[in-house]
1. I'd like the distance separating the alpha-carbon centroids of segment 380-407 and segment 127-188, in whole Å.
2. How far apart, in nanometres, would the label points at Y708 and L168 be if each is projected 7 angstrom from Cα along the Cα-to-Cβ direction?
3. If the limit is 25 Å between Cα atoms, which of K27/K229; K48/K176; K69/K277; K647/K672 go over it?
4. What number, in percent, do you get for the relative contact order of the chain if the mean sequence gap of Cα pairs under 8 Å and at least 6 apart is divided by its residue count?
5. What full-extension length gain, to one decimal in nm, is calculated for D154 and S427 as 0.36 nm per residue of separation minus the Cα-Cα distance?
6. So for segment 345-467, averaging the separation of alpha carbon pairs under 8 Å that are six or more residues apart and normalising by length, what relative contact order in percent results?
7. Once you order the gyration tensor axes a ≥ b ≥ c over the Cα atoms, which shape class does segment 517-662 get: rounded for a/c under 1.5, otherwise prolate or oblate by comparing a/b with b/c?
8. Among the Cys residues of the chain, which have no other cysteine Cβ under 4.7 angstrom away?
Amino acid sequence: MSTEKKSTTNNLDKFKKALTAIYNIIKKSNSFQEGISEVEKDILNLIKAERMTIYQSLSNGIEIQSVFKSSGEKKEIRVPYSTTSVSGWVALSNKSVIIKDLDDHQELQRIHPDLKYDSSFSKASGFIEKNMICVPIKEGKVFLGVLQFTNCTDGSEFTIDDAKNAILIAQMLAQKFRTDLQSTQSPLHYLVKQGKITQDEMLKIEQYDTAQTGNSYIKILSEKGVSKKDIGKSLEQYYQVPFMTYRNDVLLPEIFFKDVKRSYLRNKKCVPIQGDKQEVVILIDDPSDHDKIVEIQNILQSKSYIFRVALEEDIMKYLSDEHKIKSTEKARITEELINEKKQNVEFSLDGLKSAQSTANIHMVDNVIKEAHRLGASDIHIEPGEDEILGTIRVRVDGSCRQLATVPSDNYDSIIARIKVMSKLDISERRKPQDGKCKVMVRGSDLELRIATVPTVHGESIVMRLLSSGEALPLDKLNLAPKILNKIYEVCKHHHGLFLVSGPTGSGKTTTLHAILNHLNTPDKKIWTAEDPVEITQPGLQQLQINNKIDLTFSNAIRAFMRADPDIILIGEMRDAETANIGIEASLTGHLVLSTLHTNSAPETITRLLNLGIERVNFTDSLLGVLAQRLVRTLCSECKSSYRPDDKEMNHLIEIYGKEDFENDGYQADQIKLYKPTGCEECGLTGYKGRTGLHEMLVVSSELQQLIYDEASLQVITQQAYKDGMRTLLQDGTYKVFKGEIDYSSLISAVSE
């Protein structure tokens, strides 16, 4: 071996040894942020770079998000899969890039014609970015993030050897990312973990699939009783991209089919299902095939991309002549219906024409998209008086904020457009109407519940956004450790009744589904009756209540009892009949979960007793009650600290409990509180996101006796305190001390 080769080998061995030491530190750390902060200087020294940014892919199939920045700046950066930014291009193409001069426009264009470098961020921070290495973070074929190094420390340019070293660091980070994202090892591995198939069956199916090409295993899995939904979940877990099935109501964007033949897309097993040249949603059988993705991008020529994994058979359905005919027929029928309405409606034909105009369609679509992006729960469209502009507001984190205004001349046509979408009577303006519709926003289904109310100045509309979500893990609900442990204890019971109480919009459904997520194992049969079904989970049998056909909560429970359940979720105990049937179910060997609209955990007990339920059965069945509220959290980017005055501090100690305050190690003169300030990140409100306040009552033998004796609310509450119940105010004060919420938000939330 030559001296030069020996030196190179030694250097590589030293590099790998240093990298192993770095990985061990990250692996042992409590969090990725903590670990990477500890080894940041070591990594930068290995590459000889001034700064580093690490992005992680988000499971929405849309963008990557910064999880670490050397500058110490906490503001998160989200970058779409696109051809217009360096990190976005690396995420899209999975190719590593070395850029010698970020200000050299021609060098960027040689990578991709659309690629640009936005220098405004570096100029604003005072740190001038000169050159860069950007590499994908992958494990196997699956893309997990992007690693970016900026500015070579010796003033020169990054080399190919530096890029090779960056790739080795990215491979080290991929191991940590794979664990954090709970990504599986193969497309079907999730099915093995869930007990749907065996390891040997998985290997045989995947070998067959390799021989056949394409994800053709659906037929084999279907024969084994595995549903398409389960297969989709398995693909999601592996590719870290949302799964989507065939929908015959989707009209493919014709703009892409003028220059692209369907036969080409069939060969590539992908299809654009929504979007335009700015942003397109792509269904693809293998999101890890980045050579194919780059080839498709070169043909479609959009700037940003959203990916959804799909089965080959569903992609072929979209590209079939039958779907093309259906789409054409659907468009024709829609046009005929519009023309029919024009002939029959007497009020304003111009209003209906305006409802179908491109400008008004785009305005409604953009309002929905922006509300969804902001995480809004509701959209309020309100008329103005006479010539005054109408107003569009959105409710974000429980509070309304203005989004836009509508000229009075356009207001009626905007209302008409929403009515057409939700199949409401466009000619009826005197009575309230309720409707619903489904729209697709960035490739994801979004259900809208529409309510119109006539006012003296015109019709007002409220649209509730019900995006289909996934269950959160219990330990992500910000439950105090003592409360979380009590819930885990309740979950160990095989039968009994557990209730979650609180006002509308307090997060009861989220909590119940988090509990179901904890209980959802292959050996459990779980039925749910909900109105509406907002969160879906693989393994659950979920039923949508429909009072119009007498499919009520009580009738649903009766049906469930004949369907061999282990666990039953009842959306709400609205009446004595539902409550009594639920209690009976809990006494016959089933764990029953449900909700009530009450203000506290002890009040839930008295409310049910007042409904006239069977007292003895209720006493035997009740395991516990969790009461909760949602309160706005302070924006972490701009919240400011202050020392509370004596009056505020004394009140906080009083509601926390003086004895508990001292026992938990707090000292009044060392308490620091936080208040809202307002910045661009939080829309100048000072708040971003919401968290729960919780009150957990576990039924003791003493409390059972009081329930049986029909004791008063005051006596039941006193016993609950003795049993260790932590009140909503106490839990809220604990979160005030942690700096998550402010004093005024606590008082406002709990006094409601």
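Just so you know, all these numbers are worked out from the coordinates, no wet-lab data involved. Note that this is a predicted model, so its numbers are computed, not measured. A quick note on method: Cβ atoms are made from the backbone with ideal geometry, for glycine too, and the neighbour counts reach across all protein chains shown.
1. Rounded to whole Å, the Cα centres lie 45 Å apart.
2. Result for the modelled spin labels: 7.2 nm.
3. Numbers: K27/K229 34 Å; K48/K176 23 Å; K69/K277 31 Å; K647/K672 14 Å.
Distance filter (> 25 Å) returns K27/K229; K69/K277.
4. Values: 1291 pairs, mean separation 54.0, N = 752.
Over the chain, the number comes to 7 percent.
5. Details: separation 273, 0.36 × 273 = 98.28 nm, distance 7.28 nm.
Value of the extension gain: 91.0 nm.
6. Working: 219 pairs, mean separation 29.7, N = 123.
Over segment 345-467, the number comes to 24 percent.
7. Numbers: a/c = 2.47, a/b = 1.80, b/c = 1.37.
Prolate shape, in that a/c is at least 1.5 and a/b is the bigger ratio.
8. Isolated Cys, the chain: C134, C152, C270, C400, C437, C491.
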